[in-house]
Every structure is written in structure tokens, then in C-alpha cells.
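A short write-up of the structure that comes next.
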Amino acid sequence: MQSSGAQSTRNCVSCGRAFSWDANVCPYCGHDYRVAMMGPQQQQKKESAMPVIGGVLVLIVGILYLIAGGVIAAGSSFFMGFGGGFGVACGAIILVLGIIALLGGIFAIQRKNFALALIGGIFTVPSILGLIGLILIAVSKDEFTN
Ligand SMILES: [Zn+2]
């Protein structure tokens, strides 16, 4: 090891030879120090866009559910006493399904709580968008944190 001051060197952790501090790559063995420094962050789990896309699809269907449920419930409430109560109940159920689908979509986008994301997706299956969303969520199970 030399400390002449003009050009300080370090010993390569891979081959043991001294080379310039400025070099990012060992000129003798090619050991890359940039990769070595960024390694821990880069070794995170592989993430695809699938749960995000699936989550967005489920989210969209959830919003449509909320709109449809709200319209059915509000519309039916005008006909209370003429069988409108049933419509209000249906609208309320669709609203609840929409909320669950929304939560599932949000969880899927964040890649957490796989079970709830899956349940949210299942509730949206009657629609093609929801079905695709559910499949995307299901196949990317490994990307979820739990
Ligand atoms: Zn080296």
C-alpha cells in the first residue's frame, strides 16, 4: 500500500492488487465496485407490473360498482313502497362490493395483503376487466408481502 499523496490507491477485494481510487472497475480483474456498492438495493425481489395493472383494473370495476350501486339505490328510493326497497338493498350490496373491490385494488397496487387483493378481485369477476385483474393478481402472488 502506498500513500504518496499524488494518487492514492486501494487494494482490490477480488484480486488484491492496488489500483487508483478513482477507478470504478478494477483494471486487473474487472471487479465492478459500483455494482458492489449498489448490490443490496438491487437484490430486491423482482417486481413486475402485473399486480399494479391487475389492481388498477379491479379498482376501475370497484368505482363502476360504486356508481352503479349509488344510482340503483338512489333511483329505487324514489319508488319506495312499489318494490323499491328491493332495489335499494341491491344498490347497497353493490356499493359494499364496490368498496371491497376498491380496497382489493389498492392492496394489489401496493403488493400487500394478497388475500384481500384476491377477494376484491373475485368480487369484480362478473366483469371482463375484473376477471383479467383477478388473474393478474393471482399469478403475481409471490410479489405480495403477505
Ligand atoms: Zn481486482
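The values are calculated or read from the model by the stated rules, or taken from the named source; none is laboratory data. Computed from a predicted model, the values in this text were never measured in an experiment. Using ideal geometry, Cβ is built from the backbone for each residue, glycine included, and neighbour counts are taken over all protein chains shown. Keep in mind that these areas ignore ligands, DNA and RNA; they rest on the heavy atoms of the full protein, side chains included. Shrake-Rupley method; radii C 1.70, N 1.55, O 1.52, S 1.80 Å.
Observations on the model:
- Contact map, region 13-25: residues that are open to solvent by less than 70 Å² (accessible area, probe 1.4 Å) paired with residues that are more than 9 Å from the ligand (Cβ to nearest atom) and of a type in the set (Gly, Ala, Ser), Cβ distance under 9 Å, separation 6+ or inter-chain. Pairs shown: SER20/SER8.
- Selection status of SER140, buried (at least 20 other Cβ atoms within 10 Å of the Cβ) and more than 23 Å from the chain's Cα centre (by Cα): no
- Of the criteria (1) in contact with a Lys or Arg (Cβ under 9 Å, 6 or more places away or on another chain); (2) at pLDDT 90 or above, which one GLY121 fails: (1)
- If you filter region 124-146 down to residues that are part of a loop (DSSP other than H, G, I, E, B) and more than 12 Å from GLY62 (Cα to Cα), you find that the one that is modelled with the lowest pLDDT is ASN146.
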